[in-house]
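> Handing you this structure, nothing more for now.
What follows is calculated from the coordinates using simple rules that are stated; it is not laboratory data. Predicted model, so just to flag it, every value in this text is computed and none were measured. Neighbour counts are summed over all protein chains in view; Cβ atoms, including those assigned to glycine, are modelled from backbone coordinates with ideal geometry.
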Amino acid sequence: MIELQNVRYSYDDNPFIDNLSLAFAKGKITAIIGPNGSGKSTLLKLSSRLLSPRAGRVLLNERDVNQIKNKHFAQEVAVLLQYNHPSRMTVENYVMAGRYPYQSLLTQVTRKDKDIVNQVMKHMGCDIFRRRHVNTLSGGERQRVYLAMALAQSTDIIFLDEPTTFLDINVSCEIMELIARLNRELGKTIIMVLHDLNLALNYSDSILLMQKGRVVAHDSAEMIIQNSYLDKVFDIKTRCFTAEGKKYYCFDWMGSVYSEEKSKGGD
């Protein structure tokens, strides 16, 4: 699993993240949240080897990530960043690019590669537009394709940076349901940066709350709420009420709510 030990990182010699240690839970969904500039994306990039710490270590299954070859690391960890310029590749070819850790300059696409790509496109619901170009798709359709490409890497761990950015609320929920399925049905460990508190609280097993480059709290959504961490970090008031057997939390700053089943064992 991914673990950070005494990690330090700075921008332009100005300390930003200092002596940070944490571990992400295997087989769970963790949402990294916090105000703008709190260090969410920096933490994600440090954890996924897109940035190198100035001090400390990042471990993957107890191995220093800097000692793992690029292709071997890509067979263990998939990283999906925000996409602003959709590709002109066909959907099928784009998803096939996720198989690069298992290929070389001398090898052709194998039957196994094709079978995996077909399977993940079906799983993500994008097989019906496999021959279309990615840049002709809607935002929600493109996000399905991006997730399919990450899934095609056949990794145990998937990092996602703002997977619902620029999407309508109904499409955002649809994408989050797909992400939850990757965790629930395939056992993927999902670590994602989210701005939307409602989605983070609804779809995560664990919340990692950041502020000014440090971790304020790393706990379940319920404990984050109970200890008023959101109130303190975001300067909001979180209120709780129950209606029709469900528990609701209301954020005064925008009137948003999320709900969870009150009874045990609810989905």
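> Please report the net charge: other residues with Cβ closer than 13 Å to the Cβ of SER154, K and R +1, D and E -1.
Local charge sum for SER154: 0.
> Could you give the angle, 0 to 90 degrees to the nearest 10, between helix 169-186's Cα long axis and the longest principal axis of the Cα atoms of the chain?
70 degrees
> Could you line up ASP231, ASP168, ASP13 from fewest to most neighbouring Cβ atoms inside 10 Å?
If I rank by nearby Cβ atoms, fewest first, I get ASP13, ASP168, ASP231.
> Summing -39500 (n - 2.57) over the DSSP H runs of n ≥ 4 in the chain and dividing by its residue number, what mean residue ellipticity at 222 nm do you reach, to the nearest 500 deg cm²/dmol? Walk me through the numbers before you get to the answer.
Numbers: 9 runs with 84 residues, N = 267.
It lands at -9000 deg cm²/dmol.
> At what distance in nm do the modelled label points of ARG181 and ASN202 sit from each other, each positioned 7 Å from its Cα along Cα→Cβ?
1.6 nm
> Here is a follow-up. Given R₀ = 45 Å, FRET efficiency for ARG88-PHE16 by Cβ-Cβ distance, to 0.05?
For R0 = 45 Å, the calculated efficiency reads 0.75.
> ASN66: net charge of surrounding residues, Cβ under 10 Å, Lys/Arg +1, Asp/Glu -1, itself excluded?
Working: positive: ARG49, ARG57, ARG63; negative: ASP64.
For residues surrounding ASN66, the net value is +2.
> Counting pairs of alpha carbon atoms under 8 Å apart in space and at least six apart in sequence, what relative contact order in percent does the chain give?
About 23 percent, as a whole number.
> In percent, how large is the relative contact order of the range 91-152, given Cα pairs closer than 8 Å and 6 or more residues apart?
54 percent
> With a 10 Å cut-off between alpha carbons and a GNM built on the chain, which of ARG111, ARG99, ARG63 moves the most?
ARG111
> Would you look at the GNM of the chain, springs on alpha carbons closer than 10 Å, and say which of PHE159, PHE24, PHE16 moves the most?
PHE16
> Under a Cβ-Cβ cut-off of 12 Å, what is the net charge of the residues other than THR136 that fall near it, where Lys and Arg count +1 and Asp and Glu count -1?
Once positives and negatives cancel, what remains is +3.
> Still on this model: So what are the three principal axis dimensions of the chain from its Cα atoms, in whole Å, longest to shortest?
So the three principal-axis extents are 58, 47, 34 Å.
> Let me ask another. Tell me the relative contact order for the range 176-235 as a rounded percent, counting alpha carbon contacts under 8 Å between residues six or more apart.
In percent, rounded to a whole number, it is 19.
> Mind telling me which of SER38, SER104, SER172 comes out most flexible in a GNM of the chain, alpha-carbon contacts under 10 Å?
Between SER38, SER104, SER172, it is SER104 that shows the largest mean-square fluctuation.
> Starting from 0 in steps of 10 Å, tell me what percent of the Cα-Cα pairs of the range 91-152 lands in each bin.
For the range 91-152, the pair-distance distribution reads 25, 54, 19, 2.
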